[in-house]
Each structure stands twice: as structure tokens, then as C-alpha cells.
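The structure under discussion appears below in the form of C-alpha cells.
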Amino acid sequence: MSVRLRVFQETRMATPALVELRATRAAIRALLISDVRLCREGLESALGRHESIVVVATASTIDDGIHGLTLHDPAVVIVDIGMRDSLAGVRALAAASPHVKVVAFAVDERACDIVAYAEAGIAGYIASEGSTADLIATIEAAVREEALCSPRVAGALFKRVATLAGRTQAS
């Protein structure tokens, strides 16, 4: 029988003193959500080595992540898109805290998927083959209200905007 201990837990990699030190340097506060513990711990460790980002908490479910929004006031939520019902989860996160940037990782870079996640509320994404450096760059861009994407994805997003604009003008 498996016992689930502390589904929502404070970060282990960054001590409270390190979190406080980074916060005084205007580090980006991040909350990480993935249902895969190995993934959470690995990303938390990798991001913990970068001075501009501090993982203030991790969660294994979207519900726990939404609870963490109020407890930890992150600027960014990093979401594993491989989680069950991740699209609905992104919508729930964006609705719960509209000022927080949602960055999705492990995204299949098909244009139709990116458009659906953008409509749900992501501010940026990292493709399945993305690196830690790509994740950091995407987080920093999202906080600056910028998006890093391939020309193909940019084209799909522009096409979607034009489609929506056409519907508005026809009304």
C-alpha cells in the first residue's frame, strides 16, 4: 500500500534563506506542477541552479497547484502538459489567477495543440525536446510579456487571430 505524503510540498532544493536571498534580487517566483515526482524534483533541481528563478513550491495536481497560488504568490506556474486533463487544468489555473503566467512543458509542437493551449491561457511553452535553457528563456520571456515560438507556430497563432477577427467583423 502506497502512502501519499505531502502532495503539496515546499521546495526541498531551495532553502528558505536561498528563497529569501533570490527574492531580494527580483528572482522570478515559480510554482511547478507535474504528476511525475521524478520530473518535479529534476526540474526543481535544474531551475535551482539558475539565479533568476526560484521554485517556491511544487504540486502533483492542478488542484494543489491552484491552492499554492494563494500560499506562495508565484509569478509563473510551470505545468507538465503530459498530465491528465492538462488543457482543463491550464484553463483552471488561468481563471484562478489571471496575473500569473502559465508556462507549459512537454508540449507536442503541432500548431493546433499550441493554439488550443494558448486559448486556454498559456503564456509560453517548451516543446517535448526542449532543454532546461529553453525553459528558463521561456519563463523569462513570459514574465516580460513575450512569447518564444517557431515561425510555424507564430503563423498558426496569426491565422487563429485573423479567424477570430473575421467572426467579430461579421457580427
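Once the piece of chain linking His99 and Ser128 is laid out straight, how much longer is it, given 0.36 nm per residue of separation minus the C-alpha distance between them?
Going from the current span to full extension adds 7.9 nm.
Give me the dipole magnitude in Debye, nearest 20, for segment 8-170 about the Cα centre, with unit charges on the beta carbon: positive for Lys and Arg, negative for Asp and Glu.
340 debye
Give me Lys159, Lys101 ranked fewest to most by other Cβ atoms within 10 Å of their Cβ, as a rough exposure proxy.
Lys159, Lys101
Give the shape of segment 8-170 as rounded, prolate or oblate, defined through the alpha-carbon gyration tensor: a ≥ b ≥ c are the square roots of its eigenvalues, a/c under 1.5 means rounded, and otherwise the shape is prolate if a/b is larger than b/c and oblate if not.
Since a/c reaches 1.5 and a/b is larger than b/c, the shape of segment 8-170 is classed as prolate.
Can you list the equivalent-ellipsoid semi-axes of segment 90-171, largest first and in whole Å, using the square root of 5 times each Cα gyration tensor eigenvalue?
They are 23, 16, 11 Å, listed from largest to smallest.
Scan around Ala123 for amide H atoms under 5 Å from its own, H built in the peptide plane at 1.01 Å from N, and keep only partners 5 or more places away or cross-chain.
For Ala123, the qualifying residues are Val102, Val103, Ala104.
None of the figures in this text is laboratory data; all of them are computed from the coordinates on show. The structure displayed is predicted, hence computed values, not measured ones. Here the Cβ is made from the backbone with ideal geometry for all residues, glycine too, and neighbour counts use every protein chain on show.
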